Structures are given as structure tokens and as C-alpha cells.
Amino acid sequence: MSLVKVEFLEKVGVITLDNTQKLNALSAELVDDIIEALDNFQKQKIHIVILRAPDGSKVWSAGHDVKELPLKMRDPLSYYDSLEVLLRAVEEYPGPVIAMVQGSVYGGACDLIMTCDMVIADKTAKFAMTPAKLGVPYNSTGILHFMNRLPINIAKEMFFTADLVPAERALNVGIINHLVSEEELLPFTLNLAATISTRSILSIEVIKEQFRVLSKAYSITPSAFERVQGMRRKVYDSHDYEEAITAFLEKRPAHFKGE
């Protein structure tokens, strides 16, 4: 696990994203390391996990590694994409996963934050959902993560503008649970974890699973699902998607044509 650091603090498992040279972009390698750490924690019966970046990080994570996105003609966020596998691992972990956030969070990493059970942040935290900058047709699972957490108009604004949401507004709209000072961030998060650890872990495990199942209890007809998938394919087969990825790799602004 070369791209994460794993430690135990007061019986809490801590995973620190440690690929700061690449802004902790969620590459397949980094994702594999996070999932391996979660698997090891589960085997060791570590009931509470904190997911964080190194102290003083200006970027918590830059999101999905754009260099690993397909250029065209393939769904960039299919069921077996590494990011999707990670989100399911966090959702299905049998205990609370707490995101401790310092610095900016972009794209797929913002989805990861929304998938965690709780978010504790300091005033440097900012959150942006950026698929519209990359011409990416975000998948229905990811959209649902935001719909379950935020008022729908706030979720739409995040997706439509791709602008950063500052920490104080993120607190007000419900992205984060608690906003604390930089000095208080780790002690506060550990104290929250310590409080949870005094409760019935078995009860919490079952309640978390109920939240997961019930949050997905939306009915959708097969034809509606196929329509959504067809609409998404129209985007990832488009000029705009290919142009956005190429522009990112060439480090220039993308020129969208709406086709």
C-alpha cells in the first residue's frame, strides 16, 4: 500500500491518502490501496475508520484520475470502474467511515465524501462536483448520492456550475457535519469516533445497512433505466467528452460545441 498510510489511533483505523505529488487523484492504484486497507481493518474488527489527507493539504483529492478515463466510446463510470468499486466498499463497510477534510475536494473525490457516513472539515475545505468541466455523463448512482444528502436544487447547482462550495456554505447545506478549526480537526474527529465506539457496534452496523438499503429504495422502470443509459452514452460518445479529456491532457481550456 504505497499510496496510503495506515495507522491506529485510539482503536480507530486511519487511512491517509499519500500521493500528494498527484494531488491524491483517485487512480486505480490509490483506490486499490484504500480498499486493501478497508479489507484489513474489517478482518481486524476495526469498527470505525477515518479517511483523510496529510496535514496541511491544500487539495484533499483532485478526484478521479483523468488520465485513466477512456477517450471515447466507453462508459467512463461503469459498475466495475475503480471509483465505483471504492464507493461501494465505503458504503458496505460494517461501521462508520468518517471523512476528515482539509483542503479542496473535486469530482469523484467529492462523491467519495458524500458516500462517507460523516464529514468533519476545517475552514480550508471546499467541495466541487466537476463532471460538466470534463463532459462526463455522471452515473445514476453518483447522482443519487447527492440527492440523498442535499436539497435537490443545491445538488443541481453543484453539478451545473462545477464551482467550489466553501466550508461555511457546505456546513449550511449539509455536505459536512461539523466545521472546526485546523487545530481542532483531528482531536474533534477522534473524539467523535470515541463517542461512537461506546455505543452498540452491532446496532450501528445494522442501522448503517438499513440506511444504505433504504436510500436506494427508488423505483424505476426498465425503459426509464435504458433511456438514462442511452442519454449517458450520447455524452461519452460525443465531441465534447473527447475534447474535454484531450484538453485536460494538453493543459488547455476545453472548447465545447454541445455535440
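Some notes on this structure:
- Residue satisfying all of: in region 151-165; touching a residue at least 12 places away in the same chain (Cβ under 8 Å) and surrounded by 15 or more Cβ atoms within 10 Å (Cβ to Cβ); farthest from Ala62 (Cα to Cα) among these: Ile154
- Failed item in (1) in a helix (DSSP H, G or I); (2) open to solvent by 50 Å² or more (accessible area, probe 1.4 Å), with Tyr241 passing the rest: (2)
- Qualifying residue in region 19-31 (condition: in contact with an Asp or Glu (Cβ under 6 Å, 6 or more places away or on another chain), of a type in the set (Ser, Thr, Tyr), in a loop (DSSP other than H, G, I, E, B) and over 17 Å from Tyr138 (Cα atoms)): yes
- Scan of region 62-81 for residues that are open to solvent by less than 30 Å² (accessible area, probe 1.4 Å) and more than 20 Å from Gln21 (Cα to Cα), ordered by number: Pro70, Asp75, Pro76, Leu77, Asp81
- The numbered conditions (1) free of Cβ contacts under 8 Å to residues at least 60 places away in the same chain; (2) in a helix (DSSP H, G or I) are all true for Met231 except (1).
- Residues being open to solvent by less than 10 Å² (accessible area, probe 1.4 Å) and in contact with a helix residue (DSSP H, G or I) (Cβ under 6 Å, 6 or more places away or on another chain) - total across region 5-33: 5
- Only one entry in Leu249, Leu179, Leu186 is touching a residue at least 12 places away in the same chain (Cβ under 8 Å), within 25 Å of Val12 (Cβ to Cβ) and either part of a helix (DSSP H, G or I) or of a type in the set (Phe, Trp, Tyr) (or both), namely Leu186.
- Restricting region 129-169 to residues that are of a type in the set (D, E, K, R) and outside any loop (DSSP other than H, G, I, E, B) leaves a set whose member that is farthest from Tyr79 (Cα to Cα) is Glu168.
One line per residue, one yes/no per condition, for (1) surrounded by fewer than 24 Cβ atoms within 10 Å (Cβ to Cβ); (2) not in a helix (DSSP H, G or I):
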| site | (1), (2) |
| --- | --- |
| Pro94 | yes, yes |
| Asp111 | no, no |
| Ile120 | no, yes |
| Thr124 | yes, yes |
| Phe127 | no, yes |
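The values are calculated or read from the model by the stated rules, or taken from the named source; none is laboratory data. Please read all numbers here as calculations on a predicted model, not as lab measurements. Note: ideal-geometry Cβ built from the backbone for every residue, glycine included; neighbour counts use all protein chains shown. Keep in mind that these areas ignore ligands, DNA and RNA; they rest on the heavy atoms of the full protein, side chains included. Shrake-Rupley method; radii C 1.70, N 1.55, O 1.52, S 1.80 Å.
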